[in-house]
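Each remark here refers to the structure printed beneath this line.
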Amino acid sequence: DAMVIQNPRYQVTQFGKPVTLSCSQTLNHNVMYWYQQKSSQAPKLLFHYYDKDFNNEADTPDNFQSRRPNTSFCFLDIRSPGLGDAAMYLCATSRAETAVDTEAFFGQGTRLTVV
Amino acid sequence: AQKVTQAQTEISVVEKEDVTLDCVYETCDTTYYLFWYKQPPSGELVFLIRRNSFDEQNEISGRYSWNVQKSTSSFNFTITASQVVDSAVYFCALSEAAGGFKTIFGAGTRLFVKA
């Protein structure tokens, strides 16, 4: 059974049209992450939440925002998608930042196409 | 500074061969975790193994084994008796206590296992 679920699997949006990607988890983990992965590249961390505390990476563009209304759900909002934002977006969770078991559990990703 | 380098871009082997994937990490922290993840064509990153900075022993789990050499900051991963289903991109990753345990990834090594 999937433990980190991302919807939709594929998303097509128009240049400049806001889009929201969603992620839910059944693991009750404290931490949720959003990564951007472009073709043949490593996943790049955009930001993460520790419970309700939001941590933005220094080089994450302002165009990317996130919301975590509760433990189970986290959203990635792209306010004005550009062609360069086309990528796979991966959501992940981990139990806690300082626990021994810090491995991240990933969803299947949402592949975003910008037209 | 937190950095992961995977020098091998692609590796091709024949089924049943052993294959070793190389990883070099950089960290200034004394408390850190190293991971290997597998990303099959479906896109989901699957956690394989974890090693923390205090582990002394190299380990084996089924067909997987991993070897850390602190003197060279290497964290190599070996698949014994490779199978076609092992074909995927493999990512080495690092999380540091000082960095809030966020996980950063190497560029990945694409493994092809031919029947």
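Any read-out appearing in this document is the output of simple, stated calculations on the displayed coordinates, not a laboratory observation. Every value quoted in this text rests on a predicted model; they were computed, and no experiment measured them. FYI the Cβ positions are ideal-geometry reconstructions off the backbone, even for glycines, and counts take in every protein chain you see.
Couplings 3J(HN,Hα) of segment A:22-34, computed from phi: 10, 9, 9, 9, 10, 8, 6, 7, 6, 9, 10, 10, 10 Hz, in residue order, whole Hz [Karplus 6.51 cos²θ - 1.76 cosθ + 1.60, θ = phi - 60°; x for Gly and Pro].
Each Lys or Arg adds one and each Asp or Glu takes one away; over the other residues whose Cβ falls under 15 Å from the Cβ of B:THR78, this sums to -1.
Proximity of backbone amide H atoms, modeled 1.01 Å from N, is registered between B:GLU17 and B:SER82 at under 5 Å, excluding neighbours fewer than 5 places apart on the same chain.
Only the Cβ atoms of Lys and Arg (+1) and of Asp and Glu (-1) were treated as charged; on that basis the dipole of the protein assembly as shown about its Cα centre amounts to roughly 640 debye.
Please give the charge dipole size of chain A, origin at the Cα centre, charges +1 on K and R Cβ atoms and -1 on D and E Cβ atoms. Round to the nearest 20 debye.
Details: 10 positive and 11 negative charges, 87 e Å.
With only Lys, Arg, Asp and Glu charged at Cβ, the dipole is about 420 debye.
For a Förster distance of 41 Å, can you work out the FRET efficiency between the beta-carbons of A:ASN28 and B:LYS114, rounded to the nearest 0.05? Taking R0 as 41 Å, the efficiency between A:ASN28 and B:LYS114 is 0.50.
Beyond 30 Å, what percent of the Cα pairs of the protein assembly as shown remain? Walk me through the intermediate numbers first.
On the way: 6469 of 26335 pairs.
Of the Cα pairs, 25 percent sit more than 30 Å apart.
Ranked for footprinting exposure by Cβ neighbours inside 10 Å, fewest first, A:LEU21, B:LEU45, A:LEU83, A:LEU27 give A:LEU83, A:LEU27, A:LEU21, B:LEU45.
Each principal axis of the Cα atoms in chain A has its own extent, and those three values, largest first, are 42, 32, 29 angstrom. Dipole size of chain B about its Cα centre, with +1 on Lys/Arg Cβ and -1 on Asp/Glu Cβ: approximately 160 debye, rounded to the nearest 20. One quarter of the convex hull surface built on the alpha carbon atoms of chain B amounts to 6.8 nm², the projected area averaged over directions. I need the fraction of alpha carbon pairs in segment B:22-90 separated by more than 18 Å, rounded to a whole percent. Percentage above 18 Å: 40. As a length-normalised measure over Cα pairs under 8 Å and 6 or more apart, the relative contact order of chain A settles at 38 percent. Calculated FRET efficiency, B:THR5 to A:VAL115, Cβ-Cβ distance, R0 = 41 Å: about 0.70 to the nearest 0.05. Phi angles across segment B:37-49 convert, under the Karplus curve 6.51 cos²θ - 1.76 cosθ + 1.60 with θ = phi - 60°, into 3J(HN,Hα) values of 10, 10, 10, x, x, 5, x, 6, 7, 10, 5, 10, 9 Hz, Gly and Pro given as x. So the label point goes 7 Å from the Cα of A:GLN41 along Cα→C-beta, right? Which residues of segment B:1-33 then have their backbone N under 19 Å from it? Answer for this model: B:2-10.
Could you compute the FRET efficiency for B:VAL14 and A:ASN55, with r as their C-beta to C-beta distance and R0 at 45 Å, rounded to 0.05? Efficiency, rounded to the nearest 0.05: 0.50. Below 12 angstrom from the Cβ of A:MET88, what's the summed charge of the other residues (Lys, Arg +1; Asp, Glu -1)? Taking every Cβ under 12 Å from that of A:MET88, the sum is +2.
Taking the centroid of alpha carbons for each part, segment A:22-54 and segment B:55-115 are 21 Å apart. The packing ranking of peptides B:32-38, A:63-69, A:46-52, highest mean first, is B:32-38, A:46-52, A:63-69, where packing means the average number of other beta carbon atoms within 10 angstrom of each residue.
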